[in-house]
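Here is the structure we will look at, set down as structure tokens.
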């Protein structure tokens, strides 16, 4: 028998009570029963994101749609935007902007690296007409965490009225996301990562300044955030809400907030680092210059092909992510940001031991597990 | 966040698809849709138990009820029976027989020990009028596995026409149960152990010889196995079937039989022994004279109180069983006979490491996990 375990950076293991929350009688999206749940969910989401409840928009969509909506709602057609591209998701926002006809200045980094605020400032001095800056926070493809606070500060010192739009898909619920303190203008996320819920919901938050500039210069309908904002401030949605997904998310947020968001962040960083340290003891190399707690992006030992690691995990019922594009041959990415505790860390590390031994590496039984256990028990 | 994990010797972790099997539309227990499921389940159960499908009876009851029914349906009022009592469950059958007014000869053993066939023979020579012998197969309270084949052989050499009635509650699905080859007359079990299903179903099987003697000398109604047999041979039940539990059990049996019953037994024995070996490396002592693969019954290290181990597991979201009655101070009993694989073994062992360290034992990080991993990987 193979027991299945989901250790990818989204979707993630989801608590049974979260899945079951959507299995009751179907509610109508205009019923008062659902409105109550919707408003409660929105407020919990806002608490996790350190913003006001009535400013959070929940869309029946994937996180990508929220980011796209944020961009096209706030930045006029044809404007110039700076795109930080340090991985697959940075590249996606570059492509979105290009496809809409924006004039895109690309700050391209090698995968694994994080944006340098000084370089952001230099590029913006060179392009003082930039209307917006687009970046990921946690770049899932490389396991790197951009320093959004520093990037936003550097950007606004050069162009005070520009918009900083941030993809927080794999950072919300995993580490601190603080739109107001960081002085950013758009925060976008999704349900299936740090919030350990099923996929299908996207979240958008805009600064007051960004809302003030929301216009309809690009053609869109479903992605018109003004319409959604107007409806959602009344506990409604412009279109049919994904009722069951909202019910699930509400329960997941309740669980996470009961633990305390700072405790959740600390736990997830601790767990992710334990995997990295244990993997390093087996000859793997951390890939990211600045580690995101959402995923342990690891370079396989020299003699081992990363896709073989992914396959050998799959044989054991465990799904982990491999590398994307050019990183495919050498990168693999387990994640425990879902419904997981320190014994899931041990499971991932034990499986990695088994896998590397199977692939010819000399790893003593339990040696890497010992590294993880010691780290989990002796560090805060 | 505490993730919950169930590592007791029943109920056990249950696959989501097994739980979900009962979450569809409610079927009527007389509908042809349910009859099809019932018959399929019965046949799968029979395959697991190496008997004929039409001889298996499924009751909406706990395993204890099946044993009680087996005894009172086959053994005349006031008859003499030999009761092997080597633990909590052996003691239960002794109490059942006594409460019905049977004349009970008790073969009482120290907990952890298994019945000696020579002693069975000696007792039966002393009591040649015994109508039945009652025994557990896997004694869950002590983790001991009685050699039912040898016991039955020894008994029938002395009294060829006696009935051997066996509690297989925690052995069915965990190790070989072979009523015909072992020449036993009653096999009784339940859904929530090796069959990794929710609790609430009991199973009864009687030998042809036992059926021939089924009589109604004791007063009963719900436990009249003749009525059930007549109904169930037509795919019906005498009373309302536990529809959802049957649907769940059917899926669980499908999973187990897809793996192959011999493979399931081998895997479970292997996993249980890995826990025992790892625990021994930390100063614990195996409690059973002859180990049941259903549960790792372990004596705590001298300086540690077993209830503290159970509590420290609970703090980590894991439920394991403690000792019962006089064994409470020193015995603890984790089990991985449910929906569990070798990474659950590692989880249990890693938790036991953490727990024993917390309780003052000197256990090096990963040392016991190493023992389990080596055992799992280098033995068949």
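The values are calculated or read from the model by the stated rules, or taken from the named source; none is laboratory data. Being a predicted model, the structure only gives us computed values, none of them experimental. Ideal geometry is used to build each Cβ from the backbone, glycine not excepted, and the neighbour counts take in all protein chains shown.
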Original post:
Any chance segment B:281-304 includes a residue that's within 8 Å of chain A (Cβ to nearest Cβ) and in contact with a helix residue (DSSP H, G or I) (Cβ under 8 Å, 6 or more places away or on another chain)?
Top reply: no
Subject >> Flag if residue A:343 is in a helix (DSSP H, G or I) and either more than 14 Å from chain B (Cβ to nearest Cβ) or free of Cβ contacts under 8 Å to residues at least 12 places away in the same chain (or both) >> reply: yes
Original post:
Just wondering, is there one or more residues in segment B:224-232 that are in a loop (DSSP other than H, G, I, E, B), assigned by TED's automatic domain parsing to the domain that holds residue B:35 and surrounded by fewer than 21 Cβ atoms within 10 Å (Cβ to Cβ)?
Top reply: yes
Original post:
Got a sec? Which of A:184, A:151 is in the same structural domain as residue A:53 (by TED's automatic domain parsing), part of a loop (DSSP other than H, G, I, E, B), surrounded by 24 or more Cβ atoms within 10 Å (Cβ to Cβ) and touching a strand residue (DSSP E or B) at 6+ places or on another chain (Cβ under 8 Å)?
Top reply: A:184
Original post:
Quick one: how many residues across segment B:328-340 are over 23 Å from the mean Cα position of the chain (by Cα) and either facing chain A (nearest Cβ under 9 Å) or part of a helix (DSSP H, G or I) (or both)?
Top reply: 0
**OP:** For residue B:196, state whether it is surrounded by 24 or more Cβ atoms within 10 Å (Cβ to Cβ) and in the same structural domain as residue B:95 (by TED's automatic domain parsing).
**Re:** yes
**OP:** Go through segment B:65-86 and give me each residue that's at positive phi and at pLDDT 95 or above.
**Re:** none
Original post:
Hey, among A:254, A:262, A:269, which residue is in a helix (DSSP H, G or I) and in contact with a strand residue (DSSP E or B) (Cβ under 9 Å, 6 or more places away or on another chain)?
Top reply: A:269
Original post:
Which one of these is at pLDDT 95 or above, within 22 Å of residue A:79 (Cβ to Cβ) and either under 14 Å from the mean Cα position of the chain (by Cα) or assigned by TED's automatic domain parsing to the domain that holds residue A:334 (or both): A:104, A:174, A:166?
Top reply: A:166
**OP:** Have a look at A:368, A:350 and point out the one that is within 14 Å of chain B (Cβ to nearest Cβ), touching a residue at least 40 places away in the same chain (Cβ under 8 Å), under 29 Å from residue B:357 (Cα atoms) and buried (at least 24 other Cβ atoms within 10 Å of the Cβ).
**Re:** A:368
Original post:
Would you pick out the residues in segment A:207-216 that are modelled with pLDDT under 90 and loosely packed, with under 14 Cβ neighbours inside 10 Å?
Top reply: A:215, A:216
Original post:
If we scan segment A:113-134, do we find a residue that is at pLDDT 95 or above, buried (at least 22 other Cβ atoms within 10 Å of the Cβ), under 15 Å from the mean Cα position of the chain (by Cα) and closer than 25 Å to residue A:196 by Cα?
Top reply: no
Original post:
Taking segment A:71-93 only, how many residues are under 17 Å from the mean Cα position of the chain (by Cα) and in a helix (DSSP H, G or I)?
Top reply: 6
**OP:** Say whether the condition of being free of Cβ contacts under 8 Å to residues at least 40 places away in the same chain, in contact with a helix residue (DSSP H, G or I) (Cβ under 8 Å, 6 or more places away or on another chain), farther than 26 Å from residue B:265 by Cα and part of a helix (DSSP H, G or I) is met by at least one residue in segment B:97-119.
**Re:** yes
**OP:** Among the residues of segment B:283-320, count how many are surrounded by fewer than 23 Cβ atoms within 10 Å (Cβ to Cβ) and outside any helix (DSSP H, G or I).
**Re:** 15
Subject >> Members of segment A:353-365 that are within 11 Å of chain B (Cβ to nearest Cβ) and touching a residue at least 24 places away in the same chain (Cβ under 8 Å) >> reply: A:353, A:354, A:358, A:363
Original post:
With (1) buried (at least 17 other Cβ atoms within 10 Å of the Cβ); (2) in contact (Cβ under 8 Å) with a residue 60 or more places away in the chain; (3) within 22 Å of the chain's Cα centre (by Cα) as the list, and residue B:53 as the residue in question, which single condition is left unmet?
Top reply: (2)
